[in-house]
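Where a number appears in this text, it was derived from the coordinates with a stated rule and is not lab data. Everything numeric here is computed off the predicted structure, so don't read it as measured data. With ideal geometry, Cβ positions are generated from the backbone for all residues, glycine too; neighbour counts draw on all protein chains shown.
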Amino acid sequence: MARRVLIVSPHFPPVNAPDHQRVRMSLPYLAENGWQAHVLAVEPAFVEGVRDPDLLQTIPKEVPVTRVGALSPRLTRWFGLGNLGIRALRPLDRAGQRLLVGGGFDVVYFSTTVFPAMSLGPRWKGRFAVPYVLDLQDPWVSDYYQRTGVRPPGGWGKFRFSQWLARRAEPVAVRGAGHTISVSPSYPADLLARYPDLDADRFSVLPFGASEADAALVRGRAAPAHVFNPGDGMKHWVYLGRGGADMAPALRGLFLALSQLRQTRAEVQRLRLHFVGTSYAPANRAERTIDPVAQEFGVGDLVKEHTERIPYLDGLALLQASDAILVIGSDDPAYSASKVYPCIMARRPLLALLHEASLAGKVVRDCQAGAVFSFRSHQSTAEMAAAIKPLLETLLDQAHAPCVATDWNAFQAYTARAMTQRQCAIFNDVAGVKRP
């Protein structure tokens, strides 16, 4: 008989948000690993974000989903409150308790960056004796912005308030968890330093998986025409994902190298670098974080920043229609660039600029899926540009050639099916299921 897991994922589709990626991609493979899921989410009408109804095509129809309301952001924004976890905490609590009171769940799984929702784990465990698993896709408690001086999204006031809440909720939630999954090896190290009373075997590093089904779903799908026209005679390189000040070091190295290269390679004038979906904010509130850096290095005419998020499947089609793909990483060593998987599966020439501690760089190298420049913290822009320039030259020569060198056998270890198998092994341990 299959075991049951209650998955708490407030941003669940049709909302287009990166923090439901692991949930969405694992759902098709849970049953073959002996688990059935019931998802607890927030009604899309109460979630600020891009709607992407096509995402529902990737969800198995047999998976039950319970959705709850929340305080409307149109009301709470008047006094500076937008956090979905706070707005939806009581409805999530009530709905979760109604589901758990009926029994039959073996594990509760919190997979989200809506951290206040994770505080429900200890509460439900105490009342219903059901163990829970946390999935930290970002650090809950973080000193990154204080350490670097980078302005946090939303400003210092909101960040300090969220961290005040985090420092009170995280110790209880992490200590009470049966297991904590993270996407970066630095998260368990930080948690063990904060909570030395915990054992290391209660933490696992589990990257996001790659969905081969998603890639197959968009083959032949037209890319969104508002980004670029594939037949206009230009070479279109695409970066798909968020922007931010923490990406500036890698961008400076890239744009300085591009500026130098245009002095010797005439075809650089035909290049257009598209940075798509760089902001989570609506278009009227979006901050451009790519264009200013490009202008600083005199390549603003070659760089086009599209701040608006686009539907997920349109994004995959855009990658497949590009001449080459860029993966740009943060200067935060803990940052995990999960977007690398759809980039690999687009089968286009790929250049990844990632921190030397990034797991994503290892994935690209292991699978021979493209070129990787691994930068160090505080590395000079000139030094980075010197290393990036020959990689750009190679990419110019490869553009739009099929990516035949990728080792797809090695890539199987990073697929959604393989990652779900590891995830379910953790569920089994937490639920006390004996291994065969």
Fill in: Likely footprinting exposure, LYS61, LYS235, LYS158, fewest C-beta neighbours within 10 Å first
LYS61, LYS158, LYS235
Item to complete: Between the alpha-carbon centers of the range 204-273 and the range 1-63, tell me the distance in whole angstrom.
Response: 28
Worksheet item: Which angle from 0 to 90°, rounded to the nearest 10, does the C-alpha axis of helix 381-398 make with the longest principal axis of the chain?
Response: 80
Response to the item:
Per 10 angstrom bin, beginning at 0 and ending with the bin that holds the maximum distance, the Cα pairs of the chain fall in percents of 4, 21, 32, 26, 13, 4, 0
Worksheet item: Around VAL8, which amide H atoms from residues at least 5 apart in sequence, or from another chain, sit under 5 Å from its own amide H, with H modelled in the peptide plane?
Response: LEU40, TYR109, PHE110, SER111
Item to complete: Give, rounded to the nearest 20 debye, the magnitude of the charge dipole that the chain has about its Cα centre when Lys and Arg contribute +1 at Cβ and Asp and Glu contribute -1 at Cβ.
Response: 1140
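Using the count of nearby Cβ atoms within 10 Å as a rough guide to exposure, how do HIS274, HIS11 rank from fewest to most?
Arranged by neighbour count, lowest to highest, HIS274, HIS11 become HIS274, HIS11.
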Practice prompt. Provide the per-residue ³J(HN,Hα) series for the range 263-277, in order, calculated from phi with Karplus coefficients 6.51, -1.76, 1.60 and θ = phi - 60°, each as a whole number of Hz, with x at glycine and proline positions.
Written response: 6, 10, 10, 4, 5, 4, 4, 8, 7, 9, 9, 9, 10, 10, x
Worksheet entry | For ALA352, distant residues with modelled amide H under 5 Å away | VAL327, ALA371, VAL372, PHE373
Practice prompt. Would you list, by chain and number, the aspartates and glutamates whose Cα falls below 15 Å from the Cα of LYS158, excluding same-chain residues fewer than 8 positions away?
Written response: ASP143
Worksheet item: Over 26 Å between Cα atoms, which of LYS339/LYS389; LYS125/LYS362; LYS304/LYS362 qualify?
Response: LYS125/LYS362; LYS304/LYS362
Worksheet item: Short version: ³J(HN,Hα) in whole Hz for each residue of the range 347-363, in order, from phi by Karplus 6.51 cos²θ - 1.76 cosθ + 1.60 (θ = phi - 60°), x for Gly and Pro, what are they?
Response: 6, 10, x, 9, 10, 10, 10, 9, 4, 4, 8, 6, 5, 5, x, 5, 4
Worksheet, complete the sentence: Sequence order, the range 132-146: Karplus ³J(HN,Hα) from phi using 6.51 cos²θ - 1.76 cosθ + 1.60, θ = phi - 60°, Hz rounded, Gly and Pro as x, gives 9, 10, 9, 10, 8, 8, 9, x, 6, 9, 9, 10, 4, 6, 5
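Rounded if a/c is under 1.5, else prolate if a/b beats b/c, else oblate: with a ≥ b ≥ c from the C-alpha gyration tensor eigenvalues square-rooted, which is the range 213-411?
Rounded shape, in that the Cα axes give a/c under 1.5.
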Fill in: For the range 256-329: rounded, prolate or oblate by the Cα gyration tensor [a/c cutoff 1.5]
oblate
